[in-house]
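FYI, it's all coordinate maths here, none of it is from the lab. Just so you know, these numbers come straight off a predicted model, no measurement behind them.
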Amino acid sequence: MYNRRSFLKATGTLASGLLVSRSVFSMDEPEAKGAIKKFGLQLYSLRSDLPKDPKGVLKQVAGFGYKQIESYEGKDGMFWGMTNKEFKKYMDELGMTIVSSHCNINKDFETKAAEAGEIGMKYLICPSLGGANKSIDDFKKAAEKFNACGEICKKNGLRFAYHNHGYSFTEMEGQLPHDVLMQNTDAGLVDFEMDIYWVVTAGADPIAWFNKYPGRWKLCHVKDRKKGAGANDHDASVDLGTGSIDFKKILKAGSAKGLEYYIVEQERYDNSTPLKSAEADAKYMKKFKM
């Protein structure tokens, strides 16, 4: 059961700065330079609607202009009551691709990796450590677990990644837990998904982290933060473009350091609904230029 709260190795500064995925950016048309051609939606954004009518909701998502999705593991699994092949077939019909999914890495992970690899998914992702890590040693053990998951994913033709929250950017025992995770995982096996919202909420600088670990951040969550939100206000996401995060600057820096997948996520919907906000976020991404 998914609990929301609870890849390539860096090849040098020049390479990481120049090798930008053609599948993500439109590089052929001068007027589209810097545009994000394909962007995704983390389905957790629609957690109150999706379980009621998975196919209907996914059809609406496709209609908004999303070409990629990142799933999560609900009570009916990552594929929402469908088999992996049935889900892929439906994605094909909608003109979308399931790039990745968040999942419980402590239960049936080998089966999940086999199913994900079978339909060409790129990533399985640990969504959170649940705040259970109380010491630096705990984070080192988590890194060991990530390496093991990375090995399983590699055998099945995909990659493993970890999605951050804010806690790993708070100093512990004189160290930053996120440094421990980055430094104790094998770059050949483990990538990272930067949730930009949580990095900013923790008071850290996303660009500094892209620069510190080039080539390791392959995915990101594009999630805006309400203007004027306090440091302790964790539930402050808003429609893209209405908040305080400078995505133009941050995503440009990330793309130069190896960022490949841009996944929209929103968790709060003031004066809106999840589907209306997903549509508004898609409009923002379609016009977005770095």
With both bridge residues required to lie in the stretch 125-250, what share of the DSSP beta bridges run antiparallel, to the nearest 5%?
25
Treating only the Cα positions of the chain as identical point scatterers, give the base-10 log of I(q)/I(0) from the Debye formula at each q in 0.15 Å⁻¹.
-1.22
Distant-in-sequence amide H partners of Val99 (H built 1.01 Å from N, under 5 Å)
Ile69
Okay, helix-only estimate at 222 nm for the chain: each DSSP H run of n ≥ 4 adds -39500 (n - 2.57), divide by all residues, round to 500 deg cm²/dmol; what do you get?
-10500 deg cm²/dmol
Can you give the Rg to Rh ratio of the stretch 140-255, both from alpha-carbon atoms, with Rh computed by the Kirkwood formula?
0.99
